[in-house]
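Let me begin by presenting the structure, written as structure tokens, before commenting on it.
The values are calculated or read from the model by the stated rules, or taken from the named source; none is laboratory data. No experiment lies behind these values; they were computed from the predicted model shown. Using ideal geometry, Cβ is built from the backbone for each residue, glycine included, and neighbour counts are taken over all protein chains shown. Surface accessibility is based on the protein's heavy atoms, side chains included, excluding ligands, DNA and RNA. Shrake-Rupley method; radii C 1.70, N 1.55, O 1.52, S 1.80 Å.
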Amino acid sequence: MTPILDSRKLLAFTTLARVGSFTLAARELYITQSAVSHAIKSLESELDCRLFDRLGRSVKLTQAGVQLLDHAQRILAEMRTARA
């Protein structure tokens, strides 16, 4: 059975994609930089693909990351709507 994607990992992913920095993503999410890094590594492992190219202290989405971003944003929006 294929595991379901974790919403916390998707939130870390979309935030990192938007701000482009592990430090800024961690600050915005009120978690440690290590927690963001762990979430992204875990998500990449689950999906068996790299989602970001690491460029020093900044990151850039890979093609796989670009494809996932649209889905992740819609999933998170649907979760916010369901909660409301």
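Residue by residue through region 25-36, note down the ones that are open to solvent by 80 Å² or more (accessible area, probe 1.4 Å) and either under 11 Å from the mean Cα position of the chain (by Cα) or under 21 Å from Arg50 (Cα atoms) (or both).
Within region 25-36, Gln33, Ser34 meet the criteria.
Return the pair list, or none, for Cβ contacts closer than 8 Å from residues in region 52-73 that are in a loop (DSSP other than H, G, I, E, B) to residues that are open to solvent by 80 Å² or more (accessible area, probe 1.4 Å), at least 6 apart or on different chains.
Pairs that qualify, where the first residue is in a loop (DSSP other than H, G, I, E, B) and the partner is open to solvent by 80 Å² or more (accessible area, probe 1.4 Å), are Thr62/Arg50.
Residues to consider are Lys9, Lys41; find the one that is surrounded by 14 or more Cβ atoms within 10 Å (Cβ to Cβ) and either touching a helix residue (DSSP H, G or I) at 6+ places or on another chain (Cβ under 6 Å) or not in a strand (DSSP E or B) (or both).
Lys9
Filter region 15-24 for residues that are within 16 Å of Gly65 (Cα to Cα) and without any contact (Cβ under 8 Å) to a residue 40 or more places away in the chain; which is surrounded by the fewest Cβ atoms within 10 Å (Cβ to Cβ)?
Only one residue tops the list, namely Arg18.
Going by the structure shown, is Ile31 among the aliphatic types (A, V, I, L, M) and either in contact with a Cys (Cβ under 7 Å, 6 or more places away or on another chain) or assigned to a helix (DSSP H, G or I) (or both)? First the steps, then the outcome.
Working: among the aliphatic types (A, V, I, L, M): yes; either in contact with a Cys (Cβ under 7 Å, 6 or more places away or on another chain) or assigned to a helix (DSSP H, G or I) (or both): no.
No; evaluated as a whole, the condition is false for this residue.
Residue-wise test of (1) under 12 Å from the mean Cα position of the chain (by Cα); (2) within 12 Å of Asp6 (Cβ to Cβ); (3) at pLDDT below 95.
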| site | (1), (2), (3) |
| --- | --- |
| His38 | yes, yes, no |
| Lys41 | yes, no, no |
| Cys49 | no, no, no |
| Phe52 | yes, no, no |
| Gly56 | no, no, yes |
| Gly65 | yes, no, no |
| His71 | yes, no, no |
